[in-house]
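A.B. asks: One structure is given below, represented as structure tokens, and several questions about it will come after.
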Amino acid sequence: MLVLWKGGALLGSNGRLALLPADRVPDAELRLYLGRSLAKESLGLPLVAAVVGDEAAVRLNSDPAAWASLRVVGNTLDDLDAGMFTAALALSNWHQSHGFSPRTGAPTVPEQGGWVRRNVDDGSEIFPRTDPAIIVGILDSNDRILLGHNAMWDANRYSLLAGFVEPGESLESAVVREVFEESGIRVVDPVYLGSQPWPFPASLMLGFTARVDPDQESTLTPDGAEILDLRWFSRAELTAALGEIYLPGSTSIARAILEHWYGGPIHDGQQ
């Protein structure tokens, strides 16, 4: 049983997730069924996440360092642990924000192993939501990549442009629209690279590259609200700037797209 407290997971002494027997967590506030362990000759063992309150967390381990956020330890976990932690956190976040029906305001209760919440008044069911968002490596005719500084970030932190997909919009259209809104740049030829669940609180990041449209004039202009600064980088310029700017962490799809363009790992010491 994986244990969550305030968005952090309990770690063992080996730095992996601490998977406890169910009787160690009798007072869980919420239990979430994550699936079964893989086994060649059996159905495997059920994998469950338990969300606990303050008293239970202190009883299990009173050392705050034993409880780690996904952002901090995601890059140190193996695929199984990282996948379990991601699913558990996303599902836990959804339960936390859907205690009442968005349609009627009536209380809802968890059912079906935590994968459904039921309206106690009319019996209607609510299912976990995922919010799709695109993230784009924008390339110009010289194969430079565009990085932006978000208003919410620490100074000198730069990353790729990203934004949520709007209702009724294709992913490709979202790439074109979001890039133009945030940077004033017209892009063409969006190419899908991969995806990453990002449970902060419920996103699915869909990674693309796109190129500046050679047939339309564009003026690089930060929107001034979300994006305060934009900079083009060649590979050599990015290497030279590593002591000046901070790049996305190694667990993020932004970093994966950036290194896909760069041609290999970027050795900047970021975690």
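A.B. asks: In region 237-252, which residues are of a type in the set (A, V, I, L, M) and surrounded by fewer than 14 Cβ atoms within 10 Å (Cβ to Cβ)?
C.D. replies: Taking region 237-252 first, the residues of a type in the set (A, V, I, L, M) are 238, 240-242, 245, 247.
Result: 240, single match.
A.B. asks: Is it the case that region 165-184 has a residue that's of a type in the set (Phe, Trp, Tyr) and either in contact with a helix residue (DSSP H, G or I) (Cβ under 9 Å, 6 or more places away or on another chain) or farther than 25 Å from residue 93 by Cα (or both)?
C.D. replies: Yes: region 165-184 contains one or more residues that are of a type in the set (Phe, Trp, Tyr) and either in contact with a helix residue (DSSP H, G or I) (Cβ under 9 Å, 6 or more places away or on another chain) or farther than 25 Å from residue 93 by Cα (or both).
A.B. asks: What pairs come up if the first residue lies in region 7-31 and is assigned by TED's automatic domain parsing to the domain that holds residue 67 and in contact (Cβ under 8 Å) with a residue 60 or more places away in the chain, the second is of a type in the set (Asp, Glu) and surrounded by 16 or more Cβ atoms within 10 Å (Cβ to Cβ), and their beta carbons are under 7 Å apart, counting only those six or more places apart or on different chains?
C.D. replies: Listed pairs, sorted by first residue: 16/81; 17/81.
A.B. asks: Counting only residues that are under 17 Å from the mean Cα position of the chain (by Cα) and either small (Gly, Ala, Ser) or surrounded by fewer than 16 Cβ atoms within 10 Å (Cβ to Cβ) (or both), how many does region 153-192 have?
C.D. replies: Count: 5.
A.B. asks: Here's another thing I want to ask about it. Taking residue 243 as the residue in question, decide whether it is without any contact (Cβ under 8 Å) to a residue 24 or more places away in the chain and either farther than 29 Å from residue 82 by Cβ or among the polar types (S, T, N, Q) (or both).
C.D. replies: Yes; evaluated as a whole, the condition is true for this residue.
A.B. asks: Somewhere in region 131-151, is a residue on the phi > 0 side of the Ramachandran plot, of a type in the set (Gly, Ala, Ser) and outside the structural domain of residue 13 (by TED's automatic domain parsing)?
C.D. replies: Filtering region 131-151 down to residues on the phi > 0 side of the Ramachandran plot leaves 143.
Filter once more, so that each one left must be of a type in the set (Gly, Ala, Ser): none.
So far as region 131-151 goes, no, none of its residues is on the phi > 0 side of the Ramachandran plot, of a type in the set (Gly, Ala, Ser) and outside the structural domain of residue 13 (by TED's automatic domain parsing).
A.B. asks: Check off (1) surrounded by 18 or more Cβ atoms within 10 Å (Cβ to Cβ); (2) free of Cβ contacts under 8 Å to residues at least 60 places away in the same chain; (3) under 23 Å from the mean Cα position of the chain (by Cα) for residue 74 and give me the number that stays unchecked.
C.D. replies: Condition (2) is where residue 74 drops out.
A.B. asks: Being in contact (Cβ under 8 Å) with a residue 12 or more places away in the chain, exposed (fewer than 14 other Cβ atoms within 10 Å of the Cβ) and under 26 Å from residue 3 (Cβ atoms) is true for just one of 85, 127. Which residue is that?
C.D. replies: Just one listed residue meets the conditions, 127.
The values are calculated or read from the model by the stated rules, or taken from the named source; none is laboratory data. Note that the structure is predicted; figures quoted are calculated from it, not measured. Methodologically, a virtual Cβ is constructed for each residue, glycine included, from the backbone with ideal geometry; neighbour enumeration extends over all protein chains shown.
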